[in-house]
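Notes follow the structure.
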Amino acid sequence: MNRFKAKTVIVTGAGSGIGKAIANALAEEGADVMINDINPELIDAAIAEGKVNGLVGDMSILEDIQELVAYTLNCYGKIDLLVANASVTHFAPFLETTEAEYDKITSLNMKGTFFLTQSVAKAMKEKGGKIVVISSNLSKRAYPSLTTYSMTKAALNMMVRSLSLELSPFKININAIAPGPIATERTIKEIPDYHEVWADIIPTGRSGTVEDTAKSTLFLLSDEASQINGQVLFIDGGWSGIGVNPI
């Protein structure tokens, strides 16, 4: 398929995991892809593969956001699509969460996503575009020691719903993907038997993959989803509909 030929897209937090899978899938379907990651080694490795362009930056810092948008416009002259994926997950019991931990999580997950979306929407407003924000199924269900993270993802869901009203006059669609348990380099390193743990709990009998999230994201960025706006699509095999946690 070649659904994104001549389209320019920014994918943040794309040095590995879900972001990398989305960026590569877009490149394979013809898009000009600009990725971002805070890790310069991951950016260099991705560029060396020859599928994407990239820029190092911290998406919790407004100056880095503005630099990424300006660099993309300088390289390609436009931005048609955005995948706001950069975020941080941090496990900490509520009673032990520090101000520094809270600020780190909220600055990237909420503030960074807000101002990245704003900056890209300003670039899109003349010709329109599509935006997908990566939320989480923990935005609607509780999980131990992830209160701050879950709060930020719930906030993104409301941001998407609200911005569907403000951005629609500019022909900009905005939606969110809410992945459930996804097997990535990080999650498998943390839990070596990740697949087995989640296979016993998720109704579909398996944990999610980065490809599951990429395929859903590409659908929302495509013309096939032109009438989908302000929605949150949960990709979790039905786990959010039950009350079992692997603890």
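Only the coordinates and a few stated rules stand behind these numbers; no lab work does. The shown structure was predicted, so the numbers you read here are calculated from the model rather than taken from an experiment. FYI the Cβ positions are ideal-geometry reconstructions off the backbone, even for glycines, and counts take in every protein chain you see.
With each label modelled as a point 7 angstrom along the Cα→C-beta vector, the Ala100-Phe115 pair spans 2.1 nm.
So which residue, out of Arg141, Arg161, Arg186, gets the largest mean-square fluctuation from a GNM of the chain using Cα contacts under 10 Å as springs? Fluctuation is largest for Arg186. As a length-normalised measure over Cα pairs under 8 Å and 6 or more apart, the relative contact order of the chain settles at 19 percent. In a Gaussian network model over the chain where Cα atoms closer than 10 Å are linked, find which of Ile174, Ile79, Ile191 has the largest mean-square fluctuation. For the chain, modelled as a Gaussian network with Cα springs under 10 Å, the answer is Ile191. Each of the GluC sites (Glu not before Pro) that DSSP puts in a loop and that has at most 13 other Cβ atoms within 10 Å breaks the chain; the longest unbroken stretch is 127-247.
Highest GNM mean-square fluctuation among Thr113, Thr152, Thr187, for the chain modelled with Cα contacts below 10 Å: Thr187.
Averaging Cα coordinates gives a centre for the stretch 190-247 and one for the stretch 107-124; these two points are 24 Å apart.
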